[in-house]
Amino acid sequence: MDIIKEFFQNGGAILSIPWTFVILEIISTMAGAVSGARLASAKQFDLFGALIVGIATACGGGTMRDLLIGKTPFWLENPIYLLTCVFGLLWVIIFRKLLVRQNNTWFIFDCIGFSLFNVIGLQKSLALGFPTWAAICLGCITGAGGGIIRDILINEVPLIFRKEIYATCCLVGGIIYVFFLDIGWTEEGCAAISCSVAITIRLLAVKYQWSLPHLKAEE
């Protein structure tokens, strides 16, 4: 048990985040990889293509964030993330029929993935000394960036640009995280409430078809 904890502590030190957040990042990486691989399989990509889409979904947002803040992309510092993506692809291969029947279940996992990535990006940015407004923006990029790259790779209009509320959930979750952090909550507690709010908004937006106003050309 101590060895496992030490592994996550070392990972947290490298990534400038609490060691408990490393666990969250691995969970969200798995969720993102499965989400990307499932959509790639629906487009009948080959195994290598599905793996690339899964990696892009799971690691794309974090890579964009790290490049913007001048750090080495996180997945180049620890192979566990790429291995997690490979495991996600294997999971899709083995349980493909089950996953297809459980679209709603895996939609929830997708929500969990982007909300966790949002919090991780926000926390990492704060730990590196970025101002609050910048950290919230970087958290949003971390949460939504992978989905943008995924949709481009599978030749779809990115979800963030369509009617469904997506990035807005990240922004609200980021504001919630900062608010509760300022009033003295622990980082883990802030993460829990931030993710809960972001996921709830996303689920309600899909159920009740909430959307932001559309920009329309003059007729």
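The values are calculated or read from the model by the stated rules, or taken from the named source; none is laboratory data. Keep in mind that what you see is a predicted model, and the values were worked out from it rather than measured. Cβ: placed from backbone, ideal geometry, glycine included. Neighbour counts: every protein chain shown.
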### Summary
Pairing a residue in the stretch 152-178 that is at pLDDT below 95 and surrounded by 13 or more Cβ atoms within 10 Å (Cβ to Cβ) with any residue that is assigned to a loop (DSSP other than H, G, I, E, B) and of a type outside the set (Asp, Glu), where Cβ atoms lie under 6 Å and the two sit 6 or more apart in sequence or on different chains, gives 154/43; 159/166; 160/166; 165/210
### Among (1) crowded, with 24+ Cβ neighbours inside 10 Å; (2) of a type outside the set (Ser, Thr, Tyr); (3) at pLDDT below 90 - the single one residue 140 does not satisfy
(3)
## Note on the structure
Checked against (1) of a type outside the set (A, V, I, L, M); (2) modelled with pLDDT under 90; (3) surrounded by fewer than 21 Cβ atoms within 10 Å (Cβ to Cβ), residue 114 satisfies every condition except (3)
### Residues of the stretch 51-92 classified as aliphatic (A, V, I, L, M), in a helix (DSSP H, G or I) and either touching a strand residue (DSSP E or B) at 6+ places or on another chain (Cβ under 7 Å) or touching a residue at least 60 places away in the same chain (Cβ under 8 Å) (or both), total
7
### Message
Among the residues that make up the stretch 127-135, is at least one of them in a helix (DSSP H, G or I) and buried (at least 18 other Cβ atoms within 10 Å of the Cβ)?
### Response
yes
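So that you can scan it fast, the table gives a plain yes or no per residue for (1) surrounded by 23 or more Cβ atoms within 10 Å (Cβ to Cβ); (2) at pLDDT 90 or above:
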position	(1), (2)
20	no, no
23	no, no
34	yes, no
42	no, no
49	no, yes
52	no, yes
56	yes, yes
62	yes, yes
65	yes, yes
### Query
All but one of (1) of a type outside the set (D, E, K, R); (2) within 21 Å of residue 25 (Cα to Cα); (3) in a loop (DSSP other than H, G, I, E, B) hold for residue 143; which doesn't?
(3)
### Query
Of the residues in the stretch 189-207, how many are surrounded by fewer than 18 Cβ atoms within 10 Å (Cβ to Cβ) and either over 17 Å from the mean Cα position of the chain (by Cα) or polar (S, T, N, Q) (or both)?
6
### Query
Across the stretch 58-90, which residue is farthest from residue 110 (Cα to Cα) among those that are of a type in the set (Val, Ile, Thr) and out of contact with any Asp or Glu (no Cβ under 9 Å at 6 or more places or on another chain)?
69
